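What follows is a single structure, written as structure tokens, with notes after it.
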Amino acid sequence: MADQATAQEFDILVLGGGSGGYATALRAVQLGFTVGLIEKAKLGGTCLHNGCIPTKALLHSAELADHARDSGKYGVNVTFDGIDMSAVNAYKDGIVAGKYKGLQGLIKSKGITVIEGEGKLQGNNTIVVNGTAYTGKNIVLATGSYSRSLPGLEIGGKVITSDEALVMDYIPKSAIVLGGGVIGVEFASVWKSFGVDVTIIEGLPSLVPNEDASIVKNLERAFKKRGIKFSTGIFFQGVEQDENGVKVTLVDGKTFEAELLLVAVGRGPVTANLGYEEAGITLDRGFVITNERLHTGVGNIYAVGDIVPGVQLAHRGYQQGIFVAEEIAGLNPTIVEDVNIPKVTFCEPEIATVGYTEKGAKEKFGDDQVETQEYNLAGNGKSSILGTGGIVKVVRQKDGPVVGIHMIGSRMGEQIGEAQLIVNWEAYPEDVAQLVHAHPTQNETLGEAHLALAGKPLHG
Amino acid sequence: MADQATAQEFDILVLGGGSGGYATALRAVQLGFTVGLIEKAKLGGTCLHNGCIPTKALLHSAELADHARDSGKYGVNVTFDGIDMSAVNAYKDGIVAGKYKGLQGLIKSKGITVIEGEGKLQGNNTIVVNGTAYTGKNIVLATGSYSRSLPGLEIGGKVITSDEALVMDYIPKSAIVLGGGVIGVEFASVWKSFGVDVTIIEGLPSLVPNEDASIVKNLERAFKKRGIKFSTGIFFQGVEQDENGVKVTLVDGKTFEAELLLVAVGRGPVTANLGYEEAGITLDRGFVITNERLHTGVGNIYAVGDIVPGVQLAHRGYQQGIFVAEEIAGLNPTIVEDVNIPKVTFCEPEIATVGYTEKGAKEKFGDDQVETQEYNLAGNGKSSILGTGGIVKVVRQKDGPVVGIHMIGSRMGEQIGEAQLIVNWEAYPEDVAQLVHAHPTQNETLGEAHLALAGKPLHG
Amino acid sequence: RPRSTPPVRKLARDLGIDLQMVTGTGPAGLITRADVQNFVDAAAAGTPAVP
Ligand SMILES: Cc1cc2nc3c(=O)[nH]c(=O)nc-3n(C[C@H](O)[C@H](O)[C@H](O)COP(=O)(O)OP(=O)(O)OC[C@H]3O[C@@H](n4cnc5c(N)ncnc54)[C@H](O)[C@@H]3O)c2cc1C
Ligand SMILES: Cc1cc2nc3c(=O)[nH]c(=O)nc-3n(C[C@H](O)[C@H](O)[C@H](O)COP(=O)(O)OP(=O)(O)OC[C@H]3O[C@@H](n4cnc5c(N)ncnc54)[C@H](O)[C@@H]3O)c2cc1C
């Protein structure tokens, strides 16, 4: 009895084993805490099983399909014989399974107690799982998110979310994607490469509406060139489906038909009926409200990941998880603001951004306190070799540091590393300009943009 | 007459229009100087016409050939019908022509006077071109380099250098590459992807002997797996050729036969018979000796690029060119040491390094004053998705800043941007560790390595 | 080690300034670029900031 009771008491009890939850647990045991990690489905959560990882596997197959179509231009003769969806899925599932096994092994080897089942918060220090009460001196809520829909728009049959799209065993002839945000444009990109006739419906005035205006313009141009159709600025009204497919109607009466409809209108927090409100935690439209140090204001209860309002990204979840573990340990960790978290959209062409957009910077610092510089990838040797176009846009405070970097182009996602150091370390363009970038790389575009912004463009 | 005389006098006269020379010229006119740029062949020099750019085009075709062979694993069904060497060359030449046109236009638009012909230094302020004397208040020597051979090893027929290899209109069945440095491993990589049976002969104990030992080990393993053969540690003795091919003998008597031999044993400086020594400039084995601010010690004569001892890279040439223009302008620019110049080798897998190797750091700071951390790409989701392995190795001074980063893996060359900021800005692992890296990218490997080095690995 | 960001440390080094002698005004005593600049200006103005 005593033993069992001990096993149910932890320094830190984490509810949810996704990116945010497991990062909390890993950092916490490093710091010497005992940790219980409660997970009702699979360790790794959305990102590993239904999000980041499987989508990026699809995007790589899509990239190879694009290559197969245009290798001839590069002297590599290839006949493209089509996509084998079951092989694509075997590859994707193999990647997920490998990472899942690795994560389970890691969690186990670190001595984290994994508690299987659905947990419910009870008071300030207790979570009940399958009738057993577990206590934690500290509790971290990390229950994540689910694919939202719109009021009256029911998921089912030919109306699907990313969850279903990730396990499809066939390639539709045509598809409508509702929502031109990150998840929407990534699926549109994959499907187009797989030969699907794709149309994106976005109610806001443009695709990827959160991005800098220059990025938006470039993405829309690139998607048009790829033959990805889109309708922006008119909201969705309703959908009908029959055995042939779906018919979508917009509020202006315009209709679109396709074999299926992917609903990608955002993700809602998983917080209902989990005892959060009863414990006195403040929810706003389902999201858990915390202070800037991720404390809920109740007892020793913290929240991390997609349930906390802000950008819903796996690495923000990691960061918050690490932060909270260090906060509990009294290490006084540094806050990384949402605006300074790197964001990559892995469609073709890729988008990578960190910091303020030009518009955001002007709102923050004043219209005449912001300078920008755009460098066109047409001037970059490696990008020409890869056959891609795009831009790098750097936003600085006038006579001040770089506050935003926005990039688009094939493979440009990987440039986010240098960009985020520049923005997070508040570097001046001159700091970057005095360093030479390796030739010939896409990375040089960052060097050229900063040289230009420092008033001494090299190739321009 | 007066007009003509004026046109022959410049603030800065640059001899050689390659990376180093044209960068000097561009930065100099930005700073308000009049500039004469003397070039005997084509603006852009080795890098554009016989170096960086055409090799990287070949490497991209090679990458596509590799993809064509293994796309099936990713569900993309492809029949590989072989390489069309004339199409490869058309693609490569198209890229070079495009960049060449761009560069010519840029040089012209900036008002740089291009002087065509072979120049010879005469005294401290004069260069004679086709019998006409041009003068400069300052002179910058940038005559670059040529493919060296070994004593008694004559280039011709089936014994070629990179110059000939870049214009070949057929694919040999087999090839021997003499030299396992950057140029050697890049050609070996291209040819293997194109289906050639390749053997590298390197007299030093390993391939890429300047790299960190961990990188060497990984590259040799990867090349073995690719079926690229190599012999290391035994020096070349001689070669015979007949109409069937070449027969190479090593000093231990061992022989190798193949259709051709590529000699890639380094590049020598172009400095003979150009009046340099007569002007009082010090040459060492043909290289121009300067102080650390690139001054030759004679009059106002500077030298930049491959003729200056050190790493022979195009971006080092740019950097030195910009440096000298700013130095002449009295701007007191910052010196970037050779060790801190980013270096990328674009073979498959790519190598990217900046700063000290582990060995170099131990020599510099003492055996017990250095800590290292290796992160294996097997733990990185995006690398698994791309199907690549490799490592990131970070070298730090004990309790001090990061002084070296060494990486290997497909596409890892582009990670050099973040790496070079870390090393050149003397960041501590903790500075990097507190920033979250975007998921899922290869860039995360840098985050993980620095987290581990800061004592708090995330996924490990 | 005084707290600052890497580019600021690099700037200080390029200017030949020892960060130990600079007072940080940023969050938690972080030495900002402005702190370094002010230190340089003070030194240039002859203020006995540099012992
Ligand atoms: C299609 C798609 C693509 C994406 N691509 C990317 C990308 O490329 N990069 C990126 O950074 N982000 C991406 N994301 C977002 C990323 O997946 C999320 O930001 C991340 O998973 C959030 O982590 P989390 O820990 O907050 O929540 P989740 O990952 O959702 O984890 C929550 C976990 O809690 C468990 N749980 C919930 N309630 C309970 C309960 N009561 N008891 C026990 N367990 C419970 C769940 O089973 C789940 O495992 C993508 C998302 C989707 C849908
Ligand atoms: C196969 C190969 C691959 C390479 N790949 C890379 C790479 O990926 N990345 C990288 O950074 N570097 C690479 N390099 C190295 C790079 O090309 C050189 O470092 C760079 O070109 C050096 O620039 P430079 O200006 O010093 O000399 P050069 O580029 O050689 O230019 C010298 C110029 O001077 C002219 N000249 C010489 N003598 C005279 C004279 N008497 N009068 C008038 N003009 C004269 C020449 O015609 C030439 O145009 C590669 C080199 C080779 C050979």
Completion exercise
Of (1) touching a Phe, Trp or Tyr at 6+ places or on another chain (Cβ under 8 Å); (2) open to solvent by 20 Å² or more (accessible area, probe 1.4 Å); (3) within 14 Å of chain B (Cβ to nearest Cβ); (4) within 13 Å of ligand 1 (Cβ to nearest atom), A:Tyr100 satisfies every one except (1)
Completion exercise
Sole miss for B:Val88 among (1) more than 17 Å from A:Leu386 (Cα to Cα); (2) within 11 Å of chain A (Cβ to nearest Cβ) is condition (1)
Fill in the blank from the handout: Given the conditions (1) within 11 Å of another protein chain (Cβ to nearest Cβ); (2) buried (at least 24 other Cβ atoms within 10 Å of the Cβ), every one holds for B:Gly379 apart from (2)
Handout entry: Checklist (1) open to solvent by 20 Å² or more (accessible area, probe 1.4 Å); (2) within 16 Å of ligand 2 (Cβ to nearest atom) applied to B:Val129, failing item
Key = (1)
Fill in the blank from the handout: Across the stretch B:421-436, the tally of residues that are out of contact with any Phe, Trp or Tyr (no Cβ under 9 Å at 6 or more places or on another chain), surrounded by 24 or more Cβ atoms within 10 Å (Cβ to Cβ) and away from chain C (no Cβ under 11 Å) stands at 0
Exercise for the section: Test B:Glu374 against the criterion of being away from chain A (no Cβ under 12 Å), open to solvent by 50 Å² or more (accessible area, probe 1.4 Å) and not in a helix (DSSP H, G or I), and give yes or no. Expected result: yes
Problem - Scan of the stretch A:323-348 for residues that are hydrophobic (A, V, I, L, M, F, W, C), more than 21 Å from A:Ala142 (Cβ to Cβ) and more than 10 Å from chain B (Cβ to nearest Cβ), ordered by number - result: A:Val339, A:Cys347
Exercise for the section: Working only within the stretch B:67-78, note down all residues that are open to solvent by 10 Å² or more (accessible area, probe 1.4 Å) and in contact with an Asp or Glu (Cβ under 7 Å, 6 or more places away or on another chain). Expected result: B:Asn77, B:Val78
Problem - Failed item, numbered, when A:Glu154 is tested on (1) within 16 Å of ligand 1 (Cβ to nearest atom); (2) open to solvent by 30 Å² or more (accessible area, probe 1.4 Å) - result: (1)
Completion exercise
Screening B:Ile112, B:Ile107 for residues that are surrounded by 21 or more Cβ atoms within 10 Å (Cβ to Cβ), more than 14 Å from ligand 2 (Cβ to nearest atom) and in contact (Cβ under 8 Å) with a residue 24 or more places away in the chain leaves only B:Ile112
Completion exercise
Just one listed residue, out of A:Glu211, A:Glu202, is acidic (Asp, Glu) and either out of contact with any strand residue (DSSP E or B) (no Cβ under 6 Å at 6 or more places or on another chain) or modelled with pLDDT under 95 (or both), and it is A:Glu211
Exercise for the section: Could you pull out the residue among B:Gly123, B:Gly152, B:Gly144 that is within 24 Å of B:Ala329 (Cα to Cα) and at pLDDT below 95? Expected result: B:Gly123
Practice task
Out of B:Gly413, B:Gly409, B:Gly389, report the one residue that is surrounded by fewer than 24 Cβ atoms within 10 Å (Cβ to Cβ) and either more than 13 Å from every other protein chain (Cβ to nearest Cβ) or touching a residue at least 12 places away in the same chain (Cβ under 8 Å) (or both).
Solution key: B:Gly389
Problem - Considering residues of the stretch B:161-185 that are surrounded by fewer than 24 Cβ atoms within 10 Å (Cβ to Cβ), farther than 21 Å from B:Val251 by Cα and within 16 Å of ligand 2 (Cβ to nearest atom) only, the residue farthest from the other protein chains (Cβ to nearest Cβ) - result: B:Thr161
Practice task
Looking only at the stretch B:240-259, decide whether some residue is on the phi > 0 side of the Ramachandran plot and open to solvent by less than 20 Å² (accessible area, probe 1.4 Å).
Solution key: yes
Practice task
Answer yes or no: is there a residue in the stretch A:326-337 that is open to solvent by less than 10 Å² (accessible area, probe 1.4 Å) and assigned to a loop (DSSP other than H, G, I, E, B).
Solution key: no
Handout entry: Filter result for A:Gly455 (assigned to a helix (DSSP H, G or I), surrounded by fewer than 22 Cβ atoms within 10 Å (Cβ to Cβ) and of a type outside the set (A, V, I, L, M))
Key = no
Problem - Residues (assigned to a strand (DSSP E or B), touching a Ser or Thr at 6+ places or on another chain (Cβ under 6 Å) and touching a residue at least 24 places away in the same chain (Cβ under 8 Å)) located in the stretch B:119-174 - result: B:Ala133, B:Thr135, B:Val140, B:Ser147
Practice task
List the number of the failed condition for A:Val140; all other conditions in (1) open to solvent by less than 40 Å² (accessible area, probe 1.4 Å); (2) over 30 Å from A:Ala28 (Cβ atoms); (3) among the aliphatic types (A, V, I, L, M) hold.
Solution key: (2)
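The values are calculated or read from the model by the stated rules, or taken from the named source; none is laboratory data. Bear in mind the structure is a predicted one, so any value in this text is a computation, not a measurement. As a convention, Cβ positions derive from the backbone with ideal geometry for all residues, glycine included, and neighbour counts pool all protein chains shown. The area values use the complete protein model at the heavy-atom level, side chains included, leaving out ligands, DNA and RNA. Shrake-Rupley method; radii C 1.70, N 1.55, O 1.52, S 1.80 Å.
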